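Structure, as structure tokens:
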Amino acid sequence: MSNGEQLNLFQQPNSQPPTPAEVDIELIPTDAKVPIPPGSYKTMEVLAKQCQSCQRCELGATRINAVVGRGNLQAPIVVIGEGPGQNEDETGLPFVGKAGQLLEKILAAVKLDSEKDVYICNIVKCRPPGNRVPAAEEIAACKPYLLEQIRLIDPKIILLTGATAVKALTGDKRGISKIRGTWMEWEGCLCMPIFHPAYLLRNPSRDQGSPKWLMWQDIQAVRAKLDELIN
Ligand code: URA
């Protein structure tokens, strides 16, 4: 009997041998108490696949879709939001509702293309019911996915939208009004805290010193820094 024939004895009729990606997934811990080691995911595809069946926290029970990310996997900028809302839960894509449309406009204002120049994701991949702020245990359970996303993309700049994103990634508990527009370093990567677009929707004034005006200053600083880093 040839080697191939022997192998076939162990397979169900018509079944394919597991791909390397499928073998990886089997080995990655699914219990939130067991950390996911850095370097576990070879590709974003494998990570995304595991997120779709993730039950590391209670948000897994109520989601329609896990919302992993969108944009360029080689982007120089990663934008991190808080967590999916209803539109995102329904579509499986981050920042596609009203806040997302405003984010697109903010990026476009400094000629950043959301499909080419950025990758957009969230602190938690599943929608917190009623759009509440994600709980500390939910953030902790989901954080390995975010860290792996950042490792796979290896961006030059991370934009942290709102205080929850800043605290979840860096541990900095200061209010967003205090730290927005200031560069911070996290794990050797430049991070810029900015207002969350949803906050700008609630504060539409464009007067000097208003949140929208400050966002315009901040996004111009991001554009200038990116130009400096890539040229
Ligand atoms: N707000 C977020 O923080 N993330 C989204 O994906 C949508 C709205």
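The values are calculated or read from the model by the stated rules, or taken from the named source; none is laboratory data. Everything numeric here is computed off the predicted structure, so don't read it as measured data. Please note: Cβ atoms are built from the backbone with ideal geometry, for glycine as well, and neighbour counts cover all protein chains shown. Note: accessible area is taken over every heavy atom of the protein model, side chains too, but ligands, DNA and RNA are not part of it. Shrake-Rupley method; radii C 1.70, N 1.55, O 1.52, S 1.80 Å.
Under the classification rounded if a/c is under 1.5, otherwise prolate if a/b is larger than b/c and oblate if not, where does the range 90-181 fall, given a ≥ b ≥ c as square roots of the Cα gyration tensor eigenvalues?
On the way: a/c = 1.35, a/b = 1.26, b/c = 1.07.
Rounded, since a/c falls under 1.5.
Taking the Cα centre of the chain as origin and charging only Cβ (+1 Lys, Arg; -1 Asp, Glu), how large is the dipole, in debye to the nearest 20? It would help to have the intermediate numbers written out before the result.
Numbers: 26 positive and 26 negative charges, 197 e Å.
Using Cβ point charges on Lys, Arg, Asp and Glu, the chain gives about 940 debye.
Let me know the Rg and Dmax you get for the chain when you use only its Cα atoms, in Å.
Over the chain's Cα set, Rg and Dmax evaluate to 19.8, 81 Å.
Under a Cβ-Cβ cut-off of 9 Å, what is the net charge of the residues other than P38 that fall near it, where Lys and Arg count +1 and Asp and Glu count -1? List each step's numbers first, then the result.
Working: positive: R151; negative: E148.
Summing Lys and Arg as +1 and Asp and Glu as -1 gives 0.
Taking K and R as +1 and D and E as -1, what net charge do the other residues with C-beta under 12 Å from the C-beta of E82 add up to? Display every interim value, and only then the final one.
Working: positive: K125, R127, R132, K167; negative: E88, E138.
That works out to +2.
On average, how much accessible surface per residue is there in the range 170-229, in Å², for a 1.4 Å probe, leaving out ligands, DNA and RNA?
Numbers: 3420 Å² over 60 residues.
Here the residues of the range 170-229 average 57 Å² of exposed surface.
Based on Cβ point charges of +1 for Lys and Arg and -1 for Asp and Glu, what charge dipole magnitude is obtained for the range 96-231 about its Cα centre, in debye rounded to the nearest 20? Working shown, then result.
Values: 20 positive and 15 negative charges, 108 e Å.
Around 520 debye, computed over the range 96-231.
Among A109, W183, Y199, whose Cα sits farthest toward the positive end of the charge dipole of the range 108-231 (+1 at Cβ of Lys/Arg, -1 at Cβ of Asp/Glu, about the Cα centre)?
Farthest towards the positive pole: Y199.
Can you give the extra length, in nm with one decimal, that the chain gains between S205 and K33 once fully stretched, where that is 0.36 nm per residue apart less the Cα-Cα distance?
Working: separation 172, 0.36 × 172 = 61.92 nm, distance 4.50 nm.
Stretched out fully, the S205 to K33 stretch lengthens by 57.4 nm.
Taking the Cβ of L107 as the centre, find all other residues whose Cβ is under 14 Å away and add up their charges (Lys, Arg: +1; Asp, Glu: -1). List each step's numbers first, then the result.
Working: positive: R70, K105, K111, K116, R223; negative: E104, D113, E115, D117, D218.
That works out to 0.
Where does the chain land at 222 nm, in deg cm²/dmol rounded to the nearest 500, when only DSSP H runs of n ≥ 4 count, each adding -39500 (n - 2.57), divided by all residues?
Values: 10 runs with 98 residues, N = 231.
So the calculated ellipticity at 222 nm is -12500 deg cm²/dmol.
Assuming R0 = 22 Å, what is the FRET efficiency of E115 and T43, from their Cβ-Cβ distance, to the nearest 0.05? Can you show the working numbers first?
Numbers: r = 19 Å, r/R0 = 0.86.
Taking R0 as 22 Å, the efficiency between E115 and T43 is 0.70.
Can you send over the carbon and sulfur percentage of the accessible area for the chain, probe radius 1.4 Å, protein chains only? Numbers along the way, then the final one.
Working: 6560 of 12450 Å².
Accessible surface attributable to carbon and sulfur in the chain totals 53 percent.
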